[in-house]
Amino acid sequence: MTENGDAIPLVRLEAVNKHFGDLHVLRDIDLTVDRGEVLVVIGPSGGGKSTLCRTINRLETIDSGTIYFEGRPLPAEGAALARLRSEVGMVFQSFNLFAHKTILENVTLGPTKVLRKPRQEAEKRAMELLERVGIASQAQKYPAQLSGGQQQRTAIARALAMNPKMILFDEPTSALDPEMVQEVLDVMIGLARDGMTMVVVTHEMGFARRAAHRVVFMADGQIVEQNTPDEFFTNARTDRAKDFLSKIL
Ligand code: ADP
Ligand code: MG
C-alpha cells in the first residue's frame with residue numbers, strides 16, 4: 001500500500017445484506033470499486049441494482065456487513081455523513097432538478113449551501129461545468145424549458161460541482177427519448193476518460209463496451225458474475241446472465 005492509500009479501494013462492500021420486510025434485496029454482496037474505475041451494473045428489474053447504489057451513499061441503511069469508503073466504515077450521521085454525501089454524487093433516472101430554480105442555480109446550490117463556497121466562485125465553476133456538458137447557453141432557463149437530455153446533463157454538472165470522489169448513476173438514460181440518450185452517454189464517456197470513479201446502472205450495452213472496466217451482473221440480490229465487458233458480452237458463464245443478454249442484445 002502506498003502512503004496516500006491508493007491501494008485501498010475507494011469503496012468496498014463486505015458481506016452486505018439488506019431486507020425490505022421479508023424481501024432479501026441484497027444477499028451477501030462483496031464488491032470493490034477502485035479509484036478511477038468505471039463499473040457498469042446490469043441485470044433484471046428488481047434485482048437490487050438501485051438499492052446497491054443507494055447503500056453506497058447511505059440513502060439506504062444495511063442490515064449486516066460493512067461498507068467502507070476510503071477504508072473507513074460509512075459514517076451513520078452528522079457532519080461525516082454530510083461529507084460522504086457530498087463526496088459521492090448521484091444521478092437518477094428522473095433528473096431530480098429543482099423546478100423553480102434556474103439551471104445555473106441548480107448547479108450552484110450545493111456548492112454555496114453545503115460547501116459554503118462564495119457565490120461568485122460557485123457560479124464561475126458552474127458555468128465551466130455547464131460548458132463541459134454542452135449547455136452553458138441554457139444557464140438562465142428553468143428545467144422545464146430544457147429537453148430531457150439537457151436536464152440530465154444539468155444533473156451531471158450539478159453532481160460534478162461538488163467535486164465528488166465518485167458518481168453513482170442509476171439508469172441515467174432510461175427516462176429519455178431515444179434521440180437524447182447518446183448526448184448523455186457522451187458526457188459520461190468523457191467523465192470516464194477523465195478518470196472519474198463511476199458506478200453506472202444501465203441497459204446501454206454500447207456504453208458498457210466503450211467505457212466500463214468491469215461489468216457486474218446482478219440478479220435476485222446477488223452478484224451472479226462479473227467480468228471485463230469483452231469477456232462478459234462474448235462469454236457469459238452463467239445461464240442467468242446468458243438468458244438476460246439474449247433478451248437485451
Ligand atoms: P433494481 O434497481 O435492480 O430494479 P431495486 O433495488 O430497485 O432493484 O429493488 C429490489 C427489490 O426491492 C424490488 O423487489 C423492489 O420492489 C424492492 N424495493 C426497493 N425499494 C424498496 C422499498 N423502499 N421498500 C420496499 N421494497 C423495496
Ligand atoms: Mg433500479
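The values are calculated or read from the model by the stated rules, or taken from the named source; none is laboratory data. Computed from a prediction, not measured in an experiment: that's the story for all the values here. Because the Cβ atoms are built from the backbone with ideal geometry, glycine has one as well, and the counts that use them run over all protein chains shown.
Would a scan of region 58-73 turn up a residue that is within 13 Å of ligand 1 (Cβ to nearest atom), surrounded by 15 or more Cβ atoms within 10 Å (Cβ to Cβ) and farther than 24 Å from Gly190 by Cα? There is at least one residue in region 58-73 that is within 13 Å of ligand 1 (Cβ to nearest atom), surrounded by 15 or more Cβ atoms within 10 Å (Cβ to Cβ) and farther than 24 Å from Gly190 by Cα. Please tell me if Met127 is touching a Cys at 6+ places or on another chain (Cβ under 9 Å) and of a type outside the set (S, T, N, Q). When the stated conditions are applied, Met127 does not pass them. Of all residues in region 42-92, those being within 16 Å of ligand 2 (Cβ to nearest atom) and aliphatic (A, V, I, L, M) number 6.
For region 147-154, check the following and say yes or no: at least one residue is within 16 Å of ligand 1 (Cβ to nearest atom) and in contact with a helix residue (DSSP H, G or I) (Cβ under 6 Å, 6 or more places away or on another chain). No, region 147-154 contains no residue that is within 16 Å of ligand 1 (Cβ to nearest atom) and in contact with a helix residue (DSSP H, G or I) (Cβ under 6 Å, 6 or more places away or on another chain).
So that you can scan it fast, the table gives a plain yes or no per residue for (1) polar (S, T, N, Q); (2) within 13 Å of ligand 1 (Cβ to nearest atom):
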{"position": "Gly43", "(1), (2)": "no, yes"}
{"position": "Gly78", "(1), (2)": "no, no"}
{"position": "Arg85", "(1), (2)": "no, no"}
{"position": "His100", "(1), (2)": "no, no"}
{"position": "Thr108", "(1), (2)": "yes, no"}
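You will find that of Thr173, Thr154, the residue that is in contact with a Phe, Trp or Tyr (Cβ under 9 Å, 6 or more places away or on another chain) and within 16 Å of ligand 2 (Cβ to nearest atom) is Thr173 and no other.
Yes/no per residue for (1) more than 15 Å from Ile248 (Cα to Cα); (2) out of contact with any His (no Cβ under 7 Å at 6 or more places or on another chain); (3) β-branched (Val, Ile, Thr):
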residue: Leu176; (1), (2), (3): yes, yes, no
residue: Asp186; (1), (2), (3): yes, yes, no
residue: Leu191; (1), (2), (3): yes, yes, no
residue: Val201; (1), (2), (3): no, yes, yes
residue: Phe217; (1), (2), (3): no, yes, no
residue: Asn227; (1), (2), (3): yes, yes, no
residue: Asp230; (1), (2), (3): yes, yes, no
residue: Phe233; (1), (2), (3): no, yes, no
residue: Ala236; (1), (2), (3): no, yes, no
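The residues of region 200-249 that are in a loop (DSSP other than H, G, I, E, B) and crowded, with 16+ Cβ neighbours inside 10 Å, listed by number, are Thr202, Glu204, Ala212, Gly221, Ala236. For region 110-122, the set of residues classified as surrounded by fewer than 17 Cβ atoms within 10 Å (Cβ to Cβ) and outside any loop (DSSP other than H, G, I, E, B) consists of Lys113, Arg119, Gln120, Glu121, listed by residue number.
Return a yes/no flag: does region 14-21 have any residue that is modelled with pLDDT of 95 or more, aromatic (Phe, Trp, Tyr) and surrounded by fewer than 17 Cβ atoms within 10 Å (Cβ to Cβ). Yes, because at least one residue in region 14-21 is modelled with pLDDT of 95 or more, aromatic (Phe, Trp, Tyr) and surrounded by fewer than 17 Cβ atoms within 10 Å (Cβ to Cβ).
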